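**Student:** This is the structure I have questions about; it appears just below.
The values are calculated or read from the model by the stated rules, or taken from the named source; none is laboratory data. Computed from a prediction, not measured in an experiment: that's the story for all the values here. Neighbour counts run over all protein chains shown; Cβ positions are idealised from the backbone, glycine included.
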Amino acid sequence: MGVAENLQLIKEKIPAHVTLVAVSKTKPDEAIMEAYRAGHRDFGENKVQDLAAKLERLPADIRWHMIGHLQSNKVKFLAPKVHMLHGVDSLKLLGVIDREAEKNNRVIDCLLQVRIALEETKFGLTEEDLMLLVRSDAFLEMNHVRIRGLMGMATYTENSNQIREEFRHLKRIFDRLKDSQYKNQDSFDQLSCGMSGDYALAIEEGSNLVRIGSLIFGARNY
Ligand SMILES: *Cc1c(COP(=O)(O)O)cnc(C)c1O
């Protein structure tokens, strides 16, 4: 089946309030354009160089999501146009994003990545570090980043109970922030979790932003 058909099938399965980011990493422009012609506008990449190059070549009304780990020294390549940065996991990185956004006269929407997987992973903030970050003076002085919500990745496992627990944990942290630090900020409303294998489960547990690649574009060969 083609990209447009795959997209259609997934869209029929997800509720209207859930944003679908089509993860096009490693995929050619032609595949992206097939989705684009079917009306899709949100695409995700996990490498700065690839995202920057595709952003140059492809239609200007595409909303590009940077879903991978972001290094401080590469923020400048994305700052002019990126729609949302999903993997923000340190105050230092946020500071760089704030400066680069200011240079471009814009506010960049960011999601803070939380470490929810029980498996060892390098990326993501612990809940404690997250709470310290959003309350810190340095963060509160930043005017060119807007925290739209949280992002998380579950453990790579077949155990759906474990995945469910990890998503639930993320949702609990999201709700706690929503009831405290972000009580009066309606724009704190995005919970990014769920991929090809676990998006239905993620939506059941409160996700409203799923990042789906292989189910739309087919398996990747690296
Ligand atoms: C690749 C990737 C996805 C999509 O993975 P699929 O299993 O192909 O849907 C989602 N999120 C992140 C952060 C990724 O790197």
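**Student:** What pairs come out if I take residues in the stretch 1-20 that are closer than 18 Å to I67 by Cβ and pair them with residues that are of a type in the set (K, R) and part of a helix (DSSP H, G or I) whose C-beta lies under 8 Å away, six or more apart or interchain?
**Tutor:** As it stands, the answer is L20/K11, since those pairs meet every condition given.
**Student:** From the list I173, I108, I147, I163, which residue is among the β-branched types (V, I, T), more than 28 Å from L201 (Cβ to Cβ) and modelled with pLDDT of 95 or more?
**Tutor:** I108
**Student:** Which residues, counting only those in the stretch 147-197, are within 14 Å of the ligand (Cβ to nearest atom), more than 16 Å from the chain's Cα centre (by Cα) and among the hydroxyl-bearing types (S, T, Y)?
**Tutor:** T155, Y156, T157
**Student:** Criterion first (more than 16 Å from the ligand (Cβ to nearest atom), part of a loop (DSSP other than H, G, I, E, B) and under 15 Å from the mean Cα position of the chain (by Cα)) does F123 satisfy it?
**Tutor:** So F123 does not fit the description; no.
**Student:** When you look at A138, is it of a type outside the set (F, W, Y), out of contact with any His (no Cβ under 9 Å at 6 or more places or on another chain), part of a helix (DSSP H, G or I) and surrounded by fewer than 21 Cβ atoms within 10 Å (Cβ to Cβ), yes or no?
**Tutor:** Considered against the rule, which asks whether it is of a type outside the set (F, W, Y), out of contact with any His (no Cβ under 9 Å at 6 or more places or on another chain), part of a helix (DSSP H, G or I) and surrounded by fewer than 21 Cβ atoms within 10 Å (Cβ to Cβ), A138 comes out as yes.
**Student:** List, please: which pairs have Cβ atoms under 9 Å, are six or more places apart or on different chains, and start with a residue in the stretch 138-154 that is closer than 17 Å to K178 by Cβ and among the charged types (D, E, K, R) and end with one that is away from the ligand (no atom under 16 Å from the Cβ) and in a strand (DSSP E or B)?
**Tutor:** R146/I108; R146/D109; R148/D109
**Student:** Let me ask you something else. Looking only at the stretch 49-63, how many residues end up being of a type outside the set (K, R), touching a Lys or Arg at 6+ places or on another chain (Cβ under 7 Å) and either away from the ligand (no atom under 13 Å from the Cβ) or at pLDDT below 95 (or both)?
**Tutor:** Residues flagged as of a type outside the set (K, R), touching a Lys or Arg at 6+ places or on another chain (Cβ under 7 Å) and either away from the ligand (no atom under 13 Å from the Cβ) or at pLDDT below 95 (or both) within the stretch 49-63 amount to 3.
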